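In what follows, a single structure is set out as structure tokens and then discussed.
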Amino acid sequence: MPISAVIITYNEARNIERCIASLQGVADEIVVLDAYSTDATPDLCRQMGARFFQHAFDGYGQQKNRANALAQHPWILSLDADEALSPQLRNSLMTQRECLDKADAYTCNRLTNYCGHWVRHCGWYPDRKVRLFRRDIAHWNTSPVHEQLLLPPNARIGLLAGDLLHYSYYSTDEHLERARRYAQLGAQAMQQAGKRAYAWTPYLRAAFKWLRNYLLLQGFLDGRAGWDICRISALETFWKYRLLQHERYLGNK
């Protein structure tokens, strides 16, 4: 069964070579849809043999659907630019491609590298994701943050052995910057859904997030990385509900 690997990018020069290299020999084509990067991403993609296209970014789900439409094959292997196939996952894909029609989509476990540390707690592992699917039955939703792949209720889901390696943050400052952006997007999405926040909501939600991730999900076992992850995740939750509480900061008042 031929497979199209599909990636969207924007200024991913530090990640894209690793991502594409892990796909070579597994995918029959590699499609990259770039949002007009200003770094070396376009040159690196072309040098590594990817079919390279560009389109202005208008949302993660929209861009991924647009990239899927550029694929030439019926099966899509969707990766983010900061992800790569582990050797075991590569082998699993090579074996499974001989009988892909046993399922309509396949999940795999995602293992995240945070500032040089592989995270196995905090609710971050196994972080199972659908990454291989039939293009004719699946599409991405248009949520402004944390887009999801939508499949029919009766879709047959298989599991691939091996980890998808996710190189997430290289510094806590980078994590904090992304958390602020996600808090803004998350608050806007909740506001559009008609949700409201009370004076106590940001504090209660943030405290629950920290307790859940650090204690119940054993984030403390990941050492300093676990502490930083749980702390910043709780801050993101606090900022999100604080913004929702004060709607004028969301640009609508």
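The values are calculated or read from the model by the stated rules, or taken from the named source; none is laboratory data. Only a predicted model underlies this, so the values are computations on that prediction, with no experimental measurement involved. Ideal geometry is used to build each Cβ from the backbone, glycine not excepted, and the neighbour counts take in all protein chains shown.
Consider A105 carefully, then state whether it is assigned by TED's automatic domain parsing to the domain that holds V31, surrounded by fewer than 18 Cβ atoms within 10 Å (Cβ to Cβ) and more than 28 Å from Y214 (Cβ to Cβ). Full working, then the answer.
On the way: assigned by TED's automatic domain parsing to the domain that holds V31: yes; surrounded by fewer than 18 Cβ atoms within 10 Å (Cβ to Cβ): no; more than 28 Å from Y214 (Cβ to Cβ): yes.
No.
Among residues belonging to the range 52-64 that are buried (at least 17 other Cβ atoms within 10 Å of the Cβ) and in contact with a strand residue (DSSP E or B) (Cβ under 6 Å, 6 or more places away or on another chain), point out the one that is farthest from L23 (Cα to Cα).
This residue is G61.
What's the total number of residues in the range 193-206 that are touching a Ser or Thr at 6+ places or on another chain (Cβ under 9 Å) and either of a type in the set (V, I, T) or under 22 Å from Y114 (Cβ atoms) (or both)? Steps first, answer last, please.
Just the residues of the range 193-206 that are touching a Ser or Thr at 6+ places or on another chain (Cβ under 9 Å), to begin with: 202, 205-206.
Add one more test, that the residue is either of a type in the set (V, I, T) or under 22 Å from Y114 (Cβ atoms) (or both), and what stays is 206.
The total comes to 1.
With L160, L111 as the choices, which residue is closer than 28 Å to R178 by Cβ, in contact with a Cys (Cβ under 6 Å, 6 or more places away or on another chain) and not in a helix (DSSP H, G or I)? Break it down stepwise before answering.
Working: L111 fails: in contact with a Cys (Cβ under 6 Å, 6 or more places away or on another chain).
Going through L160, L111 in turn, the sole match is L160.
Any chance the range 40-53 includes a residue that's among the aromatic types (F, W, Y) and touching a Phe, Trp or Tyr at 6+ places or on another chain (Cβ under 7 Å)?
Applying the first criterion (among the aromatic types (F, W, Y)) to the range 40-53 yields 52-53.
Those left that are additionally touching a Phe, Trp or Tyr at 6+ places or on another chain (Cβ under 7 Å): none.
No, because not a single residue in the range 40-53 is among the aromatic types (F, W, Y) and touching a Phe, Trp or Tyr at 6+ places or on another chain (Cβ under 7 Å).
List every residue pair whose Cβ atoms sit under 8 Å apart, with the two residues 6 or more apart in sequence or on different chains, where the first one lies in the range 45-66 and is under 16 Å from G25 (Cα atoms) and the second, anywhere, is assigned to a loop (DSSP other than H, G, I, E, B).
Matching pairs, first to second residue: R51/L70.
In the range 113-128, how many residues are within 30 Å of Q191 (Cβ to Cβ) and surrounded by fewer than 17 Cβ atoms within 10 Å (Cβ to Cβ)?
Residues that pass the stated criteria total 2.
Could you tell me whether the range 136-154 includes any residue that is part of a strand (DSSP E or B) and surrounded by 17 or more Cβ atoms within 10 Å (Cβ to Cβ)?
Restricting attention to the range 136-154, the residues satisfying the condition of being part of a strand (DSSP E or B) are 139-140, 149-150.
Of the ones still in play, those that are also surrounded by 17 or more Cβ atoms within 10 Å (Cβ to Cβ) are 140, 149.
Checking the range 136-154: at least one residue is part of a strand (DSSP E or B) and surrounded by 17 or more Cβ atoms within 10 Å (Cβ to Cβ).
Show me the helices (runs of 4 or more DSSP H) found entirely inside the range 1-106 where at least 1 residues are touching a helix residue (DSSP H, G or I) at 6+ places or on another chain (Cβ under 7 Å) and aliphatic (A, V, I, L, M). Steps first, answer last, please.
Numbers: elements: 16-23, 41-47, 60-69, 87-96.
Qualifying helices (runs of 4 or more DSSP H): 16-23, 41-47.
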